[in-house]
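For reference, the structure is listed below as structure tokens.
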Amino acid sequence: MEIDQVETFLAVATYGGFHRAAEALRVSQPAVSARIRALENSLGVTLFTRGPANLSLSPAGKVLRPHAEQLLRTVALARQAVHELQPSAGGALRVAAALSICTYLLPDVIKEYQSANPKVMVTVRSGNSLQVLKMVVDGEVDIGLARSLNHPEVETMTLRDDPLILVGHPTHPAVRKRRVRLEEVESWPLIFYDRGSSDWTLSQGLFRRAGLLPNVVLEVETIEACKRMIERKLGLGFLPQIALTHELRQGKLVAIEIVNAEPLRRNLDVIHPRHRPLSREAQAFLHLLKTAADSALFRHEKAGKVSRRRR
């Protein structure tokens, strides 16, 4: 059993086919097939079952998967431990993040980081989740921040939940009830942003699965534009929790609970390459990110309690 065989096994399991796994790993499809065949021969089992549309894990494959994931984590830790014995090259930190994370989480983190590490040159690039993933895999950045990112060549760590929350201006007539059914929300004036994004798809899907058609009165390009429109009582909207810290705490916007629909949950993830150990600079930044995410979660919980007391 070789490391590249284990990585390829996890890629096929994740993407459900040899072709997509080959694209993710940037190798040929015959190479993927050869690695899987060699791994199956070494174990004496069949790891995948071919279905009508794609591959699925066989019983042996399902047993192997958690061990394979742990093996790659152990290899990454071993690389990191050896790397830390070397003198620090230092001097630079490259980060990629989704635009909302750049706007609402990173400024405070980078300010604190640069205060503690004034000689480190920090660069930040933004993009959607797939672009962030590509920058990390291609070695263009040291750390990536986006939502629900998984890939066989990266370590993924969830910092916190960042659900989409329905909010409105406190004086908007629709806000008075605070706990409503989705059928009621369908007729309310709604503002959506960034058509085609994961946020847009997630919030639209909430209505589609219930066989409802939302009353879209306005579409804008960014979260911040959507928030400003809601503050001016032009409608209500689904916004990321991370973007609402100040508005909820200060009572500028109010969260509305939909009692008969599942929460629109998403993870805020940080990723870094498995094959390239993190520098000391990147490790320090990762520690600050964890602290900031925990602090932000506390602030949101506190804001929620304040909002409930105002009812």
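The values are calculated or read from the model by the stated rules, or taken from the named source; none is laboratory data. All of these numbers come straight from a predicted model, not from anything done at the bench. Here the Cβ is made from the backbone with ideal geometry for all residues, glycine too, and neighbour counts use every protein chain on show.
Looking across 106, 164, one residue alone is touching a Phe, Trp or Tyr at 6+ places or on another chain (Cβ under 7 Å), closer than 25 Å to residue 229 by Cβ and either of a type outside the set (Gly, Ala, Ser) or without any contact (Cβ under 8 Å) to a residue 24 or more places away in the chain (or both). It is 164.
Taking segment 275-306 as the search range and keeping residues that are in contact with a Leu (Cβ under 6 Å, 6 or more places away or on another chain) and at pLDDT below 85, which one is farthest from residue 145 (Cα to Cα)? My answer is 303.
On the basis of being on the phi > 0 side of the Ramachandran plot, under 19 Å from the mean Cα position of the chain (by Cα) and among the small types (Gly, Ala, Ser), does residue 251 make the cut? Spelling it out, it is not the case that residue 251 is on the phi > 0 side of the Ramachandran plot, under 19 Å from the mean Cα position of the chain (by Cα) and among the small types (Gly, Ala, Ser).
Within segment 148-163, the presence of at least one residue that is under 16 Å from the mean Cα position of the chain (by Cα), farther than 30 Å from residue 8 by Cα and not β-branched (Val, Ile, Thr) is confirmed.
Taken across segment 42-60, residues that are assigned to a helix (DSSP H, G or I) and surrounded by 18 or more Cβ atoms within 10 Å (Cβ to Cβ) do not occur at all.
For the subset of segment 183-210 comprising residues that are charged (D, E, K, R) and free of Cβ contacts under 8 Å to residues at least 24 places away in the same chain, which member is surrounded by the most Cβ atoms within 10 Å (Cβ to Cβ)? Don't jump to the end; show me each part of the working.
Restricting attention to segment 183-210, the residues satisfying the condition of being charged (D, E, K, R) are 183-184, 186, 194-195, 199, 208-209.
If we keep only those that are free of Cβ contacts under 8 Å to residues at least 24 places away in the same chain as well, we get 184, 208-209.
Working: 184: 14, 208: 12, 209: 11.
Checked segment 183-210; the qualifying residue surrounded by the most Cβ atoms within 10 Å (Cβ to Cβ) is 184.
Could you check segment 167-204 and list, in sequence order, the residues that are assigned to a loop (DSSP other than H, G, I, E, B), within 15 Å of residue 216 (Cα to Cα) and hydroxyl-bearing (Ser, Thr, Tyr)? Break it down stepwise before answering.
Going through segment 167-204, the residues assigned to a loop (DSSP other than H, G, I, E, B) turn out to be 169-172, 176-178, 181, 187-189, 194-197.
Those left that are additionally within 15 Å of residue 216 (Cα to Cα): 187-189, 194-196.
The one that is assigned to a loop (DSSP other than H, G, I, E, B), within 15 Å of residue 216 (Cα to Cα) and hydroxyl-bearing (Ser, Thr, Tyr): 187.
Restricted to segment 11-35, and to residues that are in contact with a strand residue (DSSP E or B) (Cβ under 7 Å, 6 or more places away or on another chain) and part of a helix (DSSP H, G or I), which residue is surrounded by the most Cβ atoms within 10 Å (Cβ to Cβ)? Give the derivation first.
Looking only at segment 11-35, we keep the residues that are in contact with a strand residue (DSSP E or B) (Cβ under 7 Å, 6 or more places away or on another chain), and these are 12-13, 16-17.
Cutting the leftovers down to part of a helix (DSSP H, G or I) gives us 12-13.
Values: 12: 28, 13: 21.
Only one residue tops the list, namely 12.
If you filter segment 228-268 down to residues that are touching a helix residue (DSSP H, G or I) at 6+ places or on another chain (Cβ under 9 Å) and among the acidic types (Asp, Glu), you find that the one that is farthest from residue 138 (Cα to Cα) is 231. Looking across segment 216-233 at every residue that is under 27 Å from the mean Cα position of the chain (by Cα) and aliphatic (A, V, I, L, M), the one that is nearest to residue 128 (Cα to Cα) is identified as 223. All conditions but one from (1) surrounded by 14 or more Cβ atoms within 10 Å (Cβ to Cβ); (2) without any contact (Cβ under 8 Å) to a residue 60 or more places away in the chain; (3) of a type in the set (Val, Ile, Thr) apply to residue 180; the one that does not is (2). Taking the options 253, 213, name whichever one is crowded, with 18+ Cβ neighbours inside 10 Å and over 25 Å from residue 131 (Cβ atoms). Result: 253 is the single residue among 253, 213 that is crowded, with 18+ Cβ neighbours inside 10 Å and over 25 Å from residue 131 (Cβ atoms).
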